[in-house]
Amino acid sequence: MVRAGLGRPALLLLVGCAVLLVPVLNRLVPEGSAFHLEDRLVPLFGKYVAYAVLAVALDLVWGRAGILSLGHGAFFALGGYAMGMYLMRQIGPRGVYAHPVLPDFMVFLNWQELPWYWYGFDRFPFALAMVVLVPGTTAFLFGWLAFRSRVSGVYLSIITEALTYALMLAFFRNDMGFGGNNGLTDFKDILGFPIASADTRLGLYLATGVLLLLALAVAIHLRRSPLGRLLVAIRDGEPRARFLGHDTLRAKLFVWTLSAVLAGLAGALYVPQVGIINPSEFSPQASIEIAIWVAVGGRDTILGPVLGAFLVNGMKTWLTGAAPELWLFVLGGLFVLVTLVLPKGLVGIVELLPRGRAPAGGPAAEPAARPAEAAGG
Amino acid sequence: MAETPRTLPGGRLLEPQILLYLDGVTVSFDGFKALDSLSLVLEEGELRTIIGPNGAGKTTMMDVITGKTRPDSGTVLFQGGIDLLSLDETAIARLGIGRKFQKPTVFDRLTVGENLELATQGGWSLARLLAGRLDAAAEERIERTLETVGLAELRAEEAGRLSHGQRQWLEIGMLLVQEPRLVLLDEPVAGMSDAETAKTAELILRLVGRHTLVVVEHDMHFVRELGAKVTVLHEGRVLAEGPVDAVQSDPAVVEVYLGRS
């Protein structure tokens, strides 16, 4: 079907240019200029881009396949913790307690040696593998159990929320070995670069931008592939798709796991930029917010989740500074408004605009005229 | 059932022109016999209409053939001797038995063409679904099907924008594109205008010879238009069988259809 608007490569180019605005305004525009972007704001935008990746990941399962996850923050946080563990191990003897191996919080808890599951995280390739494998495996097992039992709709949403809540409670416990409610923080460097330097931060920002473009390329390819259409079919009538001979469990499990891996990668790039990962990332509220970004931007669209993530989080940054007590009301109100007035989100507004090729009688007039014509033939 | 004597090895019992063979099929729900020792034989390439009052067992019979319902007893053989009762729904569908349900269930958000493509891609591997393009043979099958069901010009139209009749034809198309040996159509003209009904009759008659067809229908006018051999079901049994005229003048049939008023 032909959709109004930009072609797919043009969309990627547009997002790519938008991503490049930050380094351009930061480095090429002189400091005196009104358009200069201060160094301290670079990680803030990096955070938004990581959120945009997370929103694209959620839209793959929610917008396309109709699986509303209210626990996607869990996969984001698992990726974030895996990266956080690498960053903790990089601190080495520079911690407050100057222990050569143990992170500060373990020394504080009187632990004598490193728990086995912290082994290997001192090496970046291992940590990166865990960033992919931990959220991916968790999602695969969870999805396999849920989809095989044909749990769907609101029941699935509730158990995804339960998953992230259970993980939050677990990560809050000190004896889990992930820093309890303080989480992991006080990072020093990443791959040998000082983590707080302006250059490193710009580098991390750009890496997140590349991840966003990759995520969008994956989303675009998926939508155009036969699998993308099968997912729409599963969303709108899974038994029927099954009856056509399609293995719907396999298709759902694939996109679900893929989405969790993207979320985990986003979390891994988020952590070094914000400088901390703690169990609040697992809170159900954090996961529900992701769904709101996607709903505001526009479900099952390419740009919608990116737009939604930027707008809602930009608003959040501004409002939690200007009038913090109002934020939750605004967030809730936004969700209600979008649900009632803009079911296709902000991107949907574009589709409401008049199109050159649309028939004058409106969409309903054309097919209604056909039965008579068919009868004549 | 394991002890049924008719499932001979190699299926040599059945004559080669017989595509579907039902014998002594009984299905009961809580003591109510939806099918009561039903027997039916279909020949390859045949068009058969099945009529009967509500509750006569028409839909249950389709359910048994497609594996949705397991009978309490009886034999169901396909194509020379394949025991359908030992197979599940997916396996039966892959044997080449396609069924159109009463309610059209095309995918509204996909185009006519995409609906048909999806119907040809059942059983594709994940890698093929991700990277795959249709092969030339499937593409040709889709084009031929679009012509057959009269939707060639609407290939790029979203299915949600089709009329009721067009949606039914698309659904029939989604069956045909899988090239089934046996096509089961459950009330294909329910809710259609007279013009659409006439066009559907033409469509079905065009399919005779290419596929074996079973049409379950209430609409006697439509059944007359098809002019095929008719089986009348009543209380889970075959009440009468033969040409439309003979069946319609059969006193037992008249009794069932009109006698009770």
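Just so it is clear, none of the values below were taken in a lab; they were calculated from the coordinates. If you're wondering where the values come from, they're calculated on a predicted model, not measured in any experiment. Neighbour counts are summed over all protein chains in view; Cβ atoms, including those assigned to glycine, are modelled from backbone coordinates with ideal geometry.
For the charge dipole of chain B, defined by +1 on Lys and Arg C-beta atoms and -1 on Asp and Glu C-beta atoms about the Cα centroid, which residue among B:134, B:35, B:111 has the Cα displaced farthest towards the positive pole?
Of the listed residues, the answer is B:134.
Given A:135, A:268, A:169, which one lies farthest toward the positive end of the charge dipole of the stretch A:42-348, if we put +1 on the Cβ of every Lys and Arg and -1 on the Cβ of every Asp and Glu?
Value: A:135.
Roughly how big is the stretch A:42-348's charge dipole about its Cα centre, with Cβ charges of +1 (Lys, Arg) and -1 (Asp, Glu), in debye to the nearest 20? Walk me through the numbers before you get to the answer.
Working: 21 positive and 16 negative charges, 205 e Å.
In total the dipole reaches around 980 debye.
Using a Gaussian network model of chain A with C-alpha springs under 10 Å, which one of A:81, A:119, A:270 is most mobile by mean-square fluctuation?
A:119
Give the long-range amide H neighbours of residue B:100: residues separated by 5 or more places, or on another chain, with amide H under 5 Å away, using H modelled in the peptide plane at 1.01 Å from N.
Sorted by chain and number, the residues that satisfy this are B:184, B:185, B:186.
If each residue's Cβ is checked for other Cβ atoms within 10 Å, how do B:254, B:247 rank with the fewest at the top?
Values: B:254 12, B:247 21.
Ordered by Cβ neighbours within 10 Å, fewest first: B:254, B:247.
What dipole magnitude, in Debye to the nearest 20, does the stretch B:1-155 give about its Cα centre under +1 on Lys/Arg Cβ and -1 on Asp/Glu Cβ? All intermediate terms of the calculation are to be shown ahead of the outcome.
Numbers: 17 positive and 22 negative charges, 49 e Å.
In total the dipole reaches around 240 debye.
If you average the sequence gap of Cα pairs under 8 Å that are 6 or more apart and divide by the length of the stretch B:152-261, what percent do you get for the contact order?
On the way: 92 pairs, mean separation 19.8, N = 110.
The value is 18 percent.
Taking a 27 Å limit on the Cα-Cα distance, which of the listed pairs B:103/B:229; B:68/B:103; B:68/B:199; A:252/B:100; A:344/B:199 fall beyond it? Don't skip to the end; give the middle numbers.
Details: B:103/B:229 25 Å; B:68/B:103 17 Å; B:68/B:199 30 Å; A:252/B:100 25 Å; A:344/B:199 37 Å.
Violating the 27 Å Cα-Cα cut-off are B:68/B:199; A:344/B:199.
Kirkwood Rh and Cα-based Rg: tell me the resulting Rg over Rh for the stretch A:88-175, rounded to two decimals.
Values: Rg = 17.5 Å, Rh = 15.7 Å.
Ratio value, two decimals: 1.11.
log10 I(q)/I(0), Debye, Cα-only chain B, no solvent, q = 0.09, 0.12, 0.17 Å⁻¹?
-0.43, -0.76, -1.37
Which of A:329, A:147, A:172 moves the most in a Gaussian network model of chain A with Cα springs under 10 Å?
Maximum fluctuation in the GNM of chain A, among the listed residues, is at A:329.
Take residue A:191 and residue B:43, extend 7 Å from each Cα along the Cα→Cβ direction, and tell me the distance between the two endpoints in nm.
Computed distance between label sites residue A:191 and residue B:43 equals 7.5 nm.
Note down the relative contact order for chain A as a percent, whole number, built from C-alpha pairs under 8 angstrom at least six residues apart. Let's see the in-between values first.
Numbers: 536 pairs, mean separation 111.3, N = 377.
Value for chain A: 30 percent.
Within 10 Å of each Cβ in peptide A:220-230, how many partner chain Cβ atoms are there on average? Round it to a whole number, please.
Details: counts 0, 2, 2, 0, 0, 6, 13, 9, 3, 10, 9.
Mean partner-chain Cβ count within 10 Å for A:220-230: 5.
Just rank A:225, A:259, A:149, fewest to most, by other beta-carbon atoms within 10 angstrom.
In order of increasing Cβ crowding within 10 Å: A:149, A:225, A:259.
Size of the protein assembly as shown along its principal axes in angstrom, Cα-based, largest extent first?
99, 62, 47
Would you list the P(r) distribution for chain A, with all Cα-Cα distances sorted into 10 Å bins from 0 and each bin expressed as a whole %?
Cα pair-distance distribution for chain A, in percent: 5, 21, 30, 24, 12, 4, 2, 1, 0.
Just to check I understand the Karplus step: with θ = phi - 60° and J = 6.51 cos²θ - 1.76 cosθ + 1.60, what whole-Hz values come out for the stretch A:16-25, glycine and proline as x?
x, 5, 4, 4, 6, 4, 4, x, 5, 5
So what is the calculated 222 nm ellipticity per residue for chain A, using -39500 (n - 2.57) for each DSSP H run with n of 4 or more, over all residues, to the nearest 500 deg cm²/dmol?
Numbers: 15 runs with 243 residues, N = 377.
Result for chain A, helices only: -21500 deg cm²/dmol.
Can you tell which of A:124, A:291, B:188 lies farthest toward the positive end of the dipole of the protein assembly as shown, using +1 and -1 charges on the Cβ of basic and acidic side chains (Lys, Arg; Asp, Glu)?
In the protein assembly as shown, that residue is A:124.
Using label points projected 7 Å from each Cα along Cα→Cβ, tell me how many nm separate residue A:126 and residue A:21, to one decimal.
Label at residue A:126, label at residue A:21, 4.2 nm between them.
Round to the nearest 0.05 the FRET efficiency obtained for residue A:36 and residue A:148 when R0 = 51 Å and r is the Cβ-Cβ distance. Could the numbers behind the result be given before it?
Details: r = 55 Å, r/R0 = 1.07.
That gives a FRET efficiency of 0.40.
Residue-wise, which Karplus ³J(HN,Hα) couplings in Hz belong to the stretch A:153-168, taking 6.51 cos²θ - 1.76 cosθ + 1.60, θ = phi - 60°, and x for glycine or proline?
Per residue, the Karplus-derived 3J(HN,Hα) values read x, 5, 5, 5, 4, 5, 6, 5, 5, 4, 4, 5, 5, 4, 5, 4 Hz.
How well do other chains shield peptide A:48-54, expressed as the mean number of their Cβ atoms within 10 Å of each residue Cβ? Walk me through the intermediate numbers first.
Values: counts 0, 0, 0, 0, 0, 0, 0.
Going residue by residue through A:48-54 and averaging, the value is 0.
Of B:135, B:72, B:36, which is the most mobile in a GNM of chain B whose springs link Cα atoms less than 10 angstrom apart?
Of B:135, B:72, B:36, the most mobile in the Gaussian network model is B:135.
Taking the Cα centre as origin and putting +1 on Lys and Arg beta-carbons and -1 on Asp and Glu beta-carbons, what dipole magnitude results for the protein assembly as shown, to the nearest 20 debye? Can you show the working numbers first?
Details: 55 positive and 61 negative charges, 287 e Å.
Roughly 1380 debye for the protein assembly as shown.
Residue A:318 to residue A:213: extension gain in nm, 0.36 nm per residue of separation minus the Cα-Cα distance?
Numbers: separation 105, 0.36 × 105 = 37.80 nm, distance 2.61 nm.
That pair, residue A:318 and residue A:213, stretches by 35.2 nm at full extension.
Whose amide H sits under 5 Å from the amide H of residue A:277, counting only residues 5 or more places off or on another chain, with H placed in the peptide plane?
A:184
Is there a simple number for the mean count of other chain Cβ atoms within 10 Å of the Cβ of residues in B:90-101, and what is it? Display every interim value, and only then the final one.
Working: counts 6, 0, 0, 4, 1, 0, 0, 0, 2, 1, 0, 2.
Across the residues of B:90-101, the mean count of other-chain Cβ atoms within 10 Å is 1.
Residue-wise, which Karplus ³J(HN,Hα) couplings in Hz belong to the stretch B:171-186, taking 6.51 cos²θ - 1.76 cosθ + 1.60, θ = phi - 60°, and x for glycine or proline?
3J(HN,Hα) across the stretch B:171-186, in whole Hz: 5, 4, x, 5, 6, 5, 5, 7, 6, x, 6, 10, 10, 10, 10, 9.
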